[in-house]
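Below is one structure; the comments refer to it alone.
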Amino acid sequence: MIHTTLDNFFRFPKIPQFAQKNFTDHFLHADKVMLVLIVIQWIIATFVTSLSYDTYLYGFVGGGLITLVLLMAYRTFKGTQVMRALVGVGMMLFSLIYIQQHLGRIEMHFHVFIALAILSLYKDIIPIVVAAATTILHHFVFNFLQLHEVSLFGMPVMVFNYGCGIDIVLLHGIFVIAETLVIGYIVKLQVEYAIELNRSENKVMGLNEELSFASLHDSLTGLPNRHSLYTQLKLMVANANRYDRKFAVLFLDLDHFKNINDTLGHNVGDELLKSVADKLKSIIRENDIVARIGGDEFIIVLSDFIETTTIEPVLSKILNAFHHEWSIQSHFLRLSTSIGVSIYPDDSKEINELMKFADIAMYKAKGEGRDQFSFFTTTLNNKVHEEVAIANDMHRAFEEEEFELYYQPKIHIESGKIIGAEALLRWNHYEKGMIAPDHFIYIAENTGFILKLGTWIIEETARAIKRIQDAGYKGIHVSCNVSTRQFQNLNLYGEIKEAVRINRIDPSLLAIEITESVMLDYLEVTLEILKKIKALGVYICMDDFGTGYSSLSYLRQFPIDSLKIDKSFVDDISCTQKNETILLNTIIAMGQTLNLRVIAEGVEEEYQMEYLKERGCEFYQGYYFSKPIPEKAFFELLQKNNGVINADGELI
Ligand code: C2E
Ligand code: MG
Ligand code: MG
């Protein structure tokens, strides 16, 4: 314990590399301060006192000599330990002169202490030790001289005015050592403090640098982020104005990136993003910018052109840069991107607007099949405004109960009986009249409103099943469409379960229709939710089958009960030509192999129905039998087609 305390006490901190420059600066500065102090001492302590004590020569010349030596040493040794040691000696010799000036009549320990304290300014132990040694030494020498009554400069040497002797010298020695220890300890603390201060300063500076880099760069790819992009765009605007040039803002969004993230994990996704960033950096010119502004969204700014057509090859080059196999962590991935383009100053002179317009154009590129670029146009903008208005109006319409479900019968081909219906959403707008879902469903999906609307659709479908049941029609099922976006609603399963429970309906009478995009966009999560829904006993139907991306392996994985053949395949059935519709036949056969019920939609003509019947397709739905109709009309149709209900409420 005592040992460690002593050890700590004596161990002088080593100055680390990062603090060395600060210490060097400090030493240089302290050397100057010390020299000024020494000059002042020389004048006051020797010149002034030598006047009153008539020791002019001894004090003034002696002090002058010390000062001169130090001034000269400064030129060579400034900032070094030698200089500090010399100052230590000088200081103590001055204290000696003081004593002699006063002919030893004033005890000068306090003065010595102050001199040492001044030396501690140096933040170095060397001058303290040297000064202490000088003091002890001069006590010895002068004690000796005093003992032998030697005169110096015609004056008797007098160290102590109360006599002399080795005991007194030793006592003084002990005092000086104690003083040295105290000052040494102070110096040690000073040094530690200075190092610590330096460390935190450095840390703060480092952090500052890191922070300023981080605030301007995307941490994953190291590309400029949105914030720094804005700053750079401001510069671009200034340049474009000065040289009367244009620049283009390219909004890139990777196609189906979410799928990669979900199926292969975020590590692969992150690696891929880094590779994309590197690739993009490598294909643009030095003056252009590439930034990452979100998940899989990048902005490229192509600068300095006059004719917009000149950038088209660059856009193709960017698209092509994606057309190779990306090898990421032993996965070989295919990737494409959709690009929206806005031009300064043609489309807008405002940075925010340019970004927004490029984003809008990017959505157009996505909508038109992805892997392409699309330029912003004002019509596009009007369309967006219109969509925003519709999006807002939908909330009002929901509160005012303008949405309703129509029902389109599903027919068993063999018997011609209605086996169920598909519930299709209609918007009965107070001003515009009936609006078909194609005009607003995608907007509801984009804005997320579909989550609220979707909940209502499920509830309303369940209520309709209950009403059909109560009206005595047995075994009539109703399906409702569930959009891919609704699978982001973590409670989708809960909502379906609740709708079945509250209405006390047979869950097998409820079906949901999903599209193939569900499989592509949210594979893992969707599968989980679908399995739970299926476990409830609710039917799952793959809608618009054949238009999407489903492969057989996907189909096997998904808990599907039926396939709904898309209208486009039914349209292929021709009344005149007897040519086979290979795809349609394949889908029917596939459904049968997988033991799925197959239903064809969009059947408008009798010959289409006949063809399907021949090929073994069991069910159909289409204008040929009935358009989607309001609930009341559906009930009437049921009664007319499937039979009437007797007094006991049973079908006959
Ligand atoms: P879908 O689910 O494939 O629905 C079939 C669409 O084809 C319906 O259009 C229906 O009226 C139409 N159709 C049926 N038979 C024929 C026919 O013989 N000839 C022609 N030309 N068309 C026929 P609708 O009602 O306009 O719905 C369009 C799409 O909007 C639906 O396609 C579905 O994707 C979506 N949708 C409709 N209701 C809902 C809903 O409640 N929720 C969600 N998420 N989407 C819905
Ligand atoms: Mg459908
Ligand atoms: Mg369909």
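Quick notes on this structure:
- Beta carbons closer than 6 Å, at least 6 apart along the sequence or on distinct chains, pair a first residue in the stretch 526-548 that is closer than 12 Å to D561 by Cα with a second that is within 16 Å of ligand 1 (Cβ to nearest atom) and among the basic types (K, R) for C541/K564; D543/K564.
- Of everything listed in (1) over 24 Å from P628 (Cβ atoms); (2) within 16 Å of ligand 2 (Cβ to nearest atom), the single unmet condition for K567 is (1).
- Taking every residue in the stretch 596-616 that is in the same structural domain as L583 (by TED's automatic domain parsing) and in contact (Cβ under 8 Å) with a residue 40 or more places away in the chain and pairing it with any residue that is open to solvent by less than 30 Å² (accessible area, probe 1.4 Å) and more than 16 Å from ligand 2 (Cβ to nearest atom), at least 6 positions away or on another chain, the pairs with Cβ-Cβ distances below 6 Å are K613/I413.
- From the list T4, T24, T67, the lone residue that is open to solvent by less than 80 Å² (accessible area, probe 1.4 Å), modelled with pLDDT of 85 or more and either on the phi > 0 side of the Ramachandran plot or out of contact with any helix residue (DSSP H, G or I) (no Cβ under 8 Å at 6 or more places or on another chain) (or both) is T24.
- Test: residue in the stretch 584-593 that is modelled with pLDDT of 95 or more, surrounded by fewer than 21 Cβ atoms within 10 Å (Cβ to Cβ) and over 12 Å from A421 (Cα atoms): no
- Once the stretch 534-549 is narrowed to residues that are more than 16 Å from ligand 2 (Cβ to nearest atom) and hydrophobic (A, V, I, L, M, F, W, C), the residue that is least open to solvent (accessible area, probe 1.4 Å) is L536.
- Residue in the stretch 379-386 that is within 16 Å of ligand 1 (Cβ to nearest atom) and assigned to a helix (DSSP H, G or I) present: no
- If you filter the stretch 399-414 down to residues that are in a strand (DSSP E or B) and over 19 Å from D543 (Cα atoms), you find that the one that is nearest to ligand 1 (Cβ to nearest atom) is F403.
- Residue in the stretch 617-636 that is farthest from the chain's Cα centre (by Cα), counting only those that are within 9 Å of ligand 1 (Cβ to nearest atom), part of a loop (DSSP other than H, G, I, E, B) and in contact (Cβ under 8 Å) with a residue 40 or more places away in the chain: F625
- Residue in the stretch 340-361 that is most open to solvent (accessible area, probe 1.4 Å), counting only those that are out of contact with any Lys or Arg (no Cβ under 9 Å at 6 or more places or on another chain) and under 14 Å from T379 (Cα atoms): D347
- Only listed residue being aromatic (F, W, Y), open to solvent by less than 20 Å² (accessible area, probe 1.4 Å) and away from ligand 3 (no atom under 16 Å from the Cβ), chosen from Y493, Y554, Y473: Y473
Residue-by-condition table, conditions (1) in contact with a Leu (Cβ under 7 Å, 6 or more places away or on another chain); (2) not hydrophobic (A, V, I, L, M, F, W, C):
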{"site": "S374", "(1), (2)": "no, yes"}
{"site": "N382", "(1), (2)": "no, yes"}
{"site": "A391", "(1), (2)": "no, no"}
{"site": "E400", "(1), (2)": "no, yes"}
{"site": "F403", "(1), (2)": "yes, no"}
{"site": "G416", "(1), (2)": "no, yes"}
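- For first residues located in the stretch 473-488 and outside the structural domain of T461 (by TED's automatic domain parsing) and closer than 12 Å to Q408 by Cα, partners that are more than 13 Å from ligand 2 (Cβ to nearest atom) and open to solvent by 20 Å² or more (accessible area, probe 1.4 Å) and lie 6+ apart or on another chain with Cβ distances below 7 Å do not occur.
- Residue list for the stretch 292-345, restricted to those being part of a loop (DSSP other than H, G, I, E, B) and in contact with a helix residue (DSSP H, G or I) (Cβ under 6 Å, 6 or more places away or on another chain): D296, Q329, L335, S336
- Any hit, the stretch 288-303, residues being open to solvent by 70 Å² or more (accessible area, probe 1.4 Å) and either modelled with pLDDT under 90 or basic (K, R) (or both): no
- Residues (assigned to a loop (DSSP other than H, G, I, E, B) and within 19 Å of V301 (Cβ to Cβ)) located in the stretch 349-372: K349, E350
- Qualifying residue in the stretch 224-240 (condition: assigned by TED's automatic domain parsing to the domain that holds I318, under 24 Å from E286 (Cα atoms), hydrophobic (A, V, I, L, M, F, W, C) and in contact with an Asp or Glu (Cβ under 6 Å, 6 or more places away or on another chain)): no
- Residue in the stretch 376-387 that is without any contact (Cβ under 8 Å) to a residue 60 or more places away in the chain, of a type in the set (D, E) and not assigned by TED's automatic domain parsing to the domain that holds I311 present: yes
- The criterion of being over 51 Å from the mean Cα position of the chain (by Cα) and surrounded by 16 or more Cβ atoms within 10 Å (Cβ to Cβ) holds for Q608.
- Checking each residue in the stretch 504-542 for being at pLDDT below 95, of a type in the set (A, V, I, L, M) and away from ligand 3 (no atom under 16 Å from the Cβ) picks out L520, L523, V525, L527, I529, L530.
The values are calculated or read from the model by the stated rules, or taken from the named source; none is laboratory data. Not measured: the values here are computed from a predicted model. Backbone-built Cβ (ideal geometry, glycine too); neighbour counts: all protein chains shown. Keep in mind that these areas ignore ligands, DNA and RNA; they rest on the heavy atoms of the full protein, side chains included. Shrake-Rupley method; radii C 1.70, N 1.55, O 1.52, S 1.80 Å.
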